[in-house]
Amino acid sequence: MTEHFFTEAEFAEGFLQTNPIAAIKRSIAHENAQLKQRFHPQQSPTSLLNEKADFIDNLLSACWKHFLAEESAHQSLIATGGYGRSELFPHSDIDILIVLNQDFTDKIQDGLSAFSNFLWDIGLKPGLRTCFTNECVAFALQDQTIFTSLLEMRLITGNGELFDKLSKQIINTQLWSSERFFLAKMSEQEQRYSKFHDTAYNLEPNIKEGPGGLRDIQVISWVFKHHYNAQSLRELIKYGFLPGAEYDKLITARDILWRLRFALHTLTNRCEDRLLFDHQREMAALFGYTDNENNPDVEQFMQFFFKTVVDIERLNEMLLQLLNERLISSHETLTPIPITGNFSSIAGYLEVSHDNVFQKNPLAILEIFLLLQQSPSLKGIRAGTIRLIRKSLDLIDDKFRRNKQANRLFIEILRQPRGITHQLKRMNRYGVLAAYLPDFANIVARMQYDLFHIYTVDEHTLFVIRNLRRFALDKHSQELPFCNNIFLLTPKPDILYIAALFHDIAKGRGGDHSTLGETIAQDFCEQHDLSKQDTKLITWLVRNHLLMSMTAQRKDISDPDVIHTFALIVGSIQYLNYLYLLTVADIRATNPSLWNAWKDSLLKDLYIATHRALHRGLQNPVARSERIKENKKEANRELLKLGINKSAISKSWQHLSEDYFLRYSPDEIAWHTIAIAASKPQELPLVLLRPQTERGSAEIFIYTRNEAQIFSICTATLDHLGLTILDARIITTEDQYVLNSFQVLEQSGEAINDLYREIHICDSLRQGLIAKQVKISKNIHKQSRQAKHFPIETSVTFLDTPSNKHTIIELITTDHAGLLSTIGKAFNELDIQLHDAKITTIGSRAEDMFYVTDQNNLPITEEEDKHRIRNAMMRYLCNKN
């Protein structure tokens, strides 16, 4: 494409054409195409950003003069924001301020309306504000965001005197003092960070707004330029904020984000600042990344991005701390107050006693974080000391790591009653954690390319520790009171923190990260002189950190044999307490949206059942017959209390198998019994819904004659209604009636809390069962935007149950509408009896467990039968997709 730079005169000529809108649109398209062609992902786009701003300047100048004619010289057309800085990305917003002369007329109003409408017609979508000078100053006084945008305003065309008048009022008047403006920007940044969970490590990060993004650099620029009336960030060197090397690092990081943002705009043809899964693979290829062993291209690319933003986040913290010291702390006493021989406090911030502290005593690098924990009055670390820590990281070598005093300091940090999470995060941000634990360096900024881990591995690890710490704090006791109560029973909380620190430390190495992590944890414990008993518990927790969630979500925890097997692995109530807390903290730190009342209830039920088994004694397990007898007795007592007579209870229970009384709680049995006793054969199918059960989900109960396709029709209907099925239990009575129950939530993860919705669900199921087909035409099951980027290879695996009563079919595949219904049809064709289903959907990944027998109610043992079933299921799934 031939390069061509459009001048104001050429744009003016466009208005002489028959269709000026089309002509100017072509010019804009040509400019964008030219910019895209000249962009190189390995080269700075600075000149392209300036060129785009010049292009828009010429376009707006021509439009301004055309629509306002002779009045164009009397009003000011001003660029603000990124456009004011001449940093205009291909599809950035065009922020414009029009300052009016006092002699405002209807003619000017008409011209401005035509000007604005034309800009929209040609596709610019301007952010436009119109006001008089005094109004503009008043707005800036009231709103720091308006004041901020005016700090970088630039005259495009029009009345220069009017522009200069406004500039002097903004710069010379004390609309916002340096201190007030700094505090406003700090508050704004804090709010912005909270939208991203206070982490730069989100897996679909925002390049512009996220922590460590371009906005962090702009905040520094705004505060610095306002106080010093500086013209560029380079003056950070002049005023002693940054040495040349650190300034170059800041600009290099900014340049990387500019290149990424420019590439995103050209890739998506819109103002897209989010690195969505939709674009990450293409961006990785564009920036030259290719797959290698255990490290896919997209993970390498995202690690490159995360390391860039963490550099910016560190520099942002340090520079804002320096600005705080000069703008805020300068009003306070700056007399150093000695804390130790190595550190003093200045206005509440730690400072080294002299510049050679770390060189003379490298252990002081760890000591500073312990001091912050032990002195609640301390607010943080002064910027100069942060810089010294970063410069001294090479002192943390193998000799340092083997130093027993350093080991004791690190363990002491983990044993403090306060500040553990804050200081570990600070240590990670400054690079100390990765230097002290080289294995931790392997997971810094490492993404987990799936839909259920929304943070990088290191950030997830620190969130797990944060969650564990919250179990110890009264102010968070209402979040998960059961966990807080269990935490009180753990004699050594530091064991939990160490296990959390190592539970995912071997991610990205290939192999089983749990067993690899166990070895790393073992080495750490031995080096840090932990007792054999503590070492055994920590390494056991690392190896088994997934055990409890897998058992709760994928096995029938109503079965005493399952509980006994789990209890045998756990071995003691102490181990159970530690494992339960680590499991809850881990799931909640994976993705906040994954935690719900259902998972909470499952884990709590497993904990209580296992606690009971351990208390009873592993040599004396609960017999199935004993559990059945207990459930019957308790349900019977509840029913009699409710006025149901013994005859009605006996009649309702006479054809039910013992399996039913094992798999349902007394509360559920009582509810079912009342419904069955009141039903008449001609009224079937019976469909009931309890919106809130003990497990936090809705339970749907179906009682009808046994026929083929019941499971398929029910699951298809629930899927069409946009419900998530968590659990399905299927009981067939001796006289060929079925009792099906489904635990469901809304697809959002919330409970059903609308009476009309409850009635609609029950009616849809009933009508579908009567008609023997799904009666709803529109499926409102939604698959997430991200799901298509994570295709899951389908696998069908056969497992045995501890009791050998059933065969478990484990299905792993990509979740899609009608999945369970499709499986139900396959089972009908194969004459397979379905007794139970454990449904786990994480993002786009379905991990479902089906407890089945053959038509004679026997487990499936022959390999030939398993092969036939697997082929049939794969055929049905392929046809569905």
- line: segment 257-282 and segment 623-656 have their Cα centres apart by a whole-number Å value of 63
- request: With an 8 Å cut-off on Cα pairs and a minimum separation of 6 or more residues, tell me the relative contact order of segment 74-153 in percent.
  value: 38
- line: Of the accessible area of the chain, computed with a 1.4 Å probe and all protein chains kept, carbon and sulfur make up a percent value of 49
statement: For segment 319-413, the percent of all C-alpha pairs falling in each 5 Å bin, from 0 up to the bin holding the max distance, is 3, 13, 24, 23, 20, 10, 5, 2, 1
query: How long, wide and thick is segment 41-183, going by the Cα atoms along their three principal axes, in whole angstroms, largest first?
result: 51, 42, 22
field: Entries of Lys125/Lys249; Lys238/Lys360; Lys168/Lys379; Lys641/Lys772; Lys604/Lys629; Lys379/Lys604 with Cα pairs more than 28 Å apart
entry: Lys125/Lys249; Lys238/Lys360; Lys168/Lys379; Lys641/Lys772; Lys379/Lys604
message: Could you tell me the calculated FRET efficiency between Arg429 and His615, based on Cβ-Cβ distance and R0 = 35 angstrom, to the nearest 0.05?
response: 0.20
- line: Placing each pseudo-label 7 Å from Cα in the direction of the beta carbon, Gln527 and Thr290 end up separated by a distance in nanometres of 3.5
- prompt: With r defined as the distance between the Cβ atoms of Leu393 and Asn134 and R0 fixed at 60 Å, what FRET efficiency is calculated, to the nearest 0.05?
  reply: 0.65
message: Below 14 Å, Cα to Cα, which aspartates and glutamates can Lys651 reach? Residues fewer than 8 away in the same chain don't count.
response: Glu734, Asp735
- line: Normalised Cα Rg of segment 22-108, dividing by 2.2 N^0.38 Å with N its residue count, works out at 1.28
statement: Taking Cα atoms only, helix 513-527 is inclined relative to the longest principal axis of the chain by an angle, in degrees rounded to 10, of 70
field: Relative contact order of the chain, defined on C-alpha pairs under 8 angstrom at six or more residues apart (%)
entry: 7
- prompt: Which ³J(HN,Hα) values, rounded to whole Hz and listed in residue order, are derived for segment 727-737 from phi using the Karplus coefficients 6.51, -1.76 and 1.60 in 6.51 cos²θ - 1.76 cosθ + 1.60 with θ = phi - 60°, glycine and proline given as x?
  reply: 7, 9, 10, 10, 10, 10, 7, 5, 9, 6, 10
Computed P(r) (all Cα pairs; segment 797-881; 10 Å bins; percent): 17, 55, 26, 2
query: To two decimal places, what compactness ratio does the chain give when its Cα radius of gyration is scaled by 2.2 N^0.38 Å?
result: 1.15
message: Run the reach check for Lys507 against lysines, Cα to Cα strictly under 18 Å, same-chain hits fewer than 8 apart removed. What comes back?
response: Lys307
Inter-probe distance in nm under a simple model that places probes 7 Å from Cα toward Cβ, at Glu683 and Glu161: 9.1
- request: Please work out the Cα center distance from segment 721-755 to segment 455-533, rounded to the nearest Å.
  value: 35
- request: Compute the projected area of the convex hull of the Cα atoms of segment 593-658, averaged over all viewing directions, and report it in nm² to one decimal place.
  value: 6.9
field: Volume in Å³ per residue [convex hull over Cα atoms, computed for segment 535-600]
entry: 88
In degrees, nearest ten, helix 457-470 long axis to first principal axis of the chain (Cα): 70
query: Contour minus end-to-end for Ser803 and Ala33, with contour as 0.36 nm per residue of separation and end-to-end as the Cα-Cα distance?
result: 270.4 nm
query: Nearest 0.05, what FRET efficiency do His816 and Arg868 give at R0 = 25 Å with Cβ-Cβ as r?
result: 0.55
- request: Can you list which of the trypsin sites (Lys or Arg not before Pro) found in segment 234-321 are DSSP loop residues with at most 10 other C-beta atoms within 10 Å?
  value: Arg270
field: Cα convex hull volume per residue for segment 619-761 (Å³)
entry: 137
query: Under unit Cβ charges (Lys, Arg +1; Asp, Glu -1), what dipole magnitude, rounded to 20 debye, does segment 523-582 have relative to its Cα centre?
result: 100
- prompt: With axes computed from alpha carbons, what is the tilt in degrees of helix 819-829 against the longest principal axis of the chain, rounded to the nearest 10 within 0 to 90?
  reply: 30
- line: Over the chain, the sum of -39500 (n - 2.57) across DSSP H runs of at least four, divided by residue number and rounded to 500 deg cm²/dmol, gives at 222 nm -17000 deg cm²/dmol
task: Can you tell me the relative contact order of segment 309-379? Whole percent, Cα pairs under 8 Å, sequence separation 6 or more.
output: 19
field: Mean projected area (nm²) of the alpha-carbon convex hull when segment 483-636 is viewed from all directions
entry: 10.5
- prompt: How far, in nm, would the chain grow between His655 and Phe304 when pulled straight, counting 0.36 nm per residue and subtracting the alpha carbon separation?
  reply: 119.9 nm
Probe 1.4 Å, accessible area per residue of segment 17-99, Å²: 37
- line: Once Arg690 and Lys125 are pulled to full extension, the length gained, defined as 0.36 nm per residue separation minus their Cα-Cα distance, is 198.4 nm
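The values are calculated or read from the model by the stated rules, or taken from the named source; none is laboratory data. Quantities reported herein were computed from a predicted structural model and do not represent experimental measurements. All Cβ positions, glycine included, derive from the backbone under ideal geometry; neighbour counts span all protein chains shown. These area figures cover heavy atoms from the full protein model, side chains too; ligands, DNA and RNA do not enter into them. Shrake-Rupley method; radii C 1.70, N 1.55, O 1.52, S 1.80 Å.
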